[in-house]
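Encoded as structure tokens, the structure appears first; notes follow it.
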Amino acid sequence: MTMRYFFIVIGIFILFISDSLCSFRVPPGTVLLDKKTYTYIDVTEITVLDWAEYLFWLKKEKGEQSEAFLSAIPDSVTCEKLYGAFRYFSHPRFRNYPMVGINYSQAIAYCQWRTDRVNEKTKKEKITYVLPDVQDYQMAFEKQKKIRKINSGIEAVNPKKRKLTGIGFNAQELTADSNVIVAGIEEDHLIFDDNRGISYTLGFRCKAIIVKE
């Protein structure tokens, strides 16, 4: 019953943001990463609201009992360690927090879903969404504005941001290598570590690759 309540409430927000996935020159929510390879990277981590949109679509199109929907549900116990509330999905306070409580396979599935939805609406060029690799993160970290003071803990992101933020100092992040995560910063250097599985500090963002046809 809790999940049903969440989806009815969150559906209001889904309708508001769905169109933004499909109109672009620069993929929505991203900044240029490498001009030579037509690659872009998300400005912030994938948020609770982003994941809610994903789940809403899966439930509507695939069914509440489908494998696609059930396999995309995050680990609630892990999520509650960060958000501190059972109804974090339906509460507006948490919508801009990084999505945690998911594993590598779930993140890959989200990337594929995002790829499919965007490409439904474009004919001139195709976009592929994937997880950034270690080199991508290092490049993005160099482009990111230096942080003078890093707060402890994970904070909500600003959805209106137009510049890279959060790499190394907010949620830890999954990479294209299932065994490696972005773990933090040490003396202005990005630190990578072993992926130990689902964690309340571990989220992700996407890289977008434009393929011109």
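A search for C-beta distances below 8 Å between a residue of segment 98-127 that is free of Cβ contacts under 8 Å to residues at least 12 places away in the same chain and any residue that is of a type in the set (K, R), counting only pairs 6+ apart in sequence or on different chains, returns N119/K126. The set of residues from segment 5-27 being buried (at least 17 other Cβ atoms within 10 Å of the Cβ) and modelled with pLDDT of 50 or more comprises just one member, P27. Just to be sure before I move on: is V118 among the aliphatic types (A, V, I, L, M) and in contact with a Leu (Cβ under 7 Å, 6 or more places away or on another chain) in the structure I sent? When the stated conditions are applied, V118 passes them. Please tell me if I127 is closer than 19 Å to V48 by Cβ, in contact with a helix residue (DSSP H, G or I) (Cβ under 7 Å, 6 or more places away or on another chain) and β-branched (V, I, T). For I127, the condition - closer than 19 Å to V48 by Cβ, in contact with a helix residue (DSSP H, G or I) (Cβ under 7 Å, 6 or more places away or on another chain) and β-branched (V, I, T) - is not met. For S90, the requirement of being polar (S, T, N, Q), free of Cβ contacts under 8 Å to residues at least 60 places away in the same chain and either out of contact with any helix residue (DSSP H, G or I) (no Cβ under 6 Å at 6 or more places or on another chain) or part of a loop (DSSP other than H, G, I, E, B) (or both) is not met.
Residues that are out of contact with any helix residue (DSSP H, G or I) (no Cβ under 8 Å at 6 or more places or on another chain) and within 20 Å of R25 (Cα to Cα): does segment 97-113 have at least one? The answer is yes, given that some residue of segment 97-113 is out of contact with any helix residue (DSSP H, G or I) (no Cβ under 8 Å at 6 or more places or on another chain) and within 20 Å of R25 (Cα to Cα). Can you pull out every residue in segment 143-153 that is closer than 28 Å to K81 by Cα and loosely packed, with under 14 Cβ neighbours inside 10 Å? The answer is R148, K149, I150, N151, S152, G153. Note on segment 103-142: among residues that are among the small types (G, A, S) and within 14 Å of the chain's Cα centre (by Cα), the one that is surrounded by the fewest Cβ atoms within 10 Å (Cβ to Cβ) is S105.
Just to be sure, is P92 more than 16 Å from the chain's Cα centre (by Cα) and either of a type outside the set (S, T, N, Q) or under 15 Å from K207 (Cβ atoms) (or both)? Spell out how you get there, then give the answer.
Values: more than 16 Å from the chain's Cα centre (by Cα): yes; either of a type outside the set (S, T, N, Q) or under 15 Å from K207 (Cβ atoms) (or both): yes.
So P92 passes the test.
The values are calculated or read from the model by the stated rules, or taken from the named source; none is laboratory data. Since the model is a prediction, treat every value here as computed from it, not as a measurement. Virtual Cβ from ideal backbone geometry, glycine too; neighbours counted across all protein chains shown.
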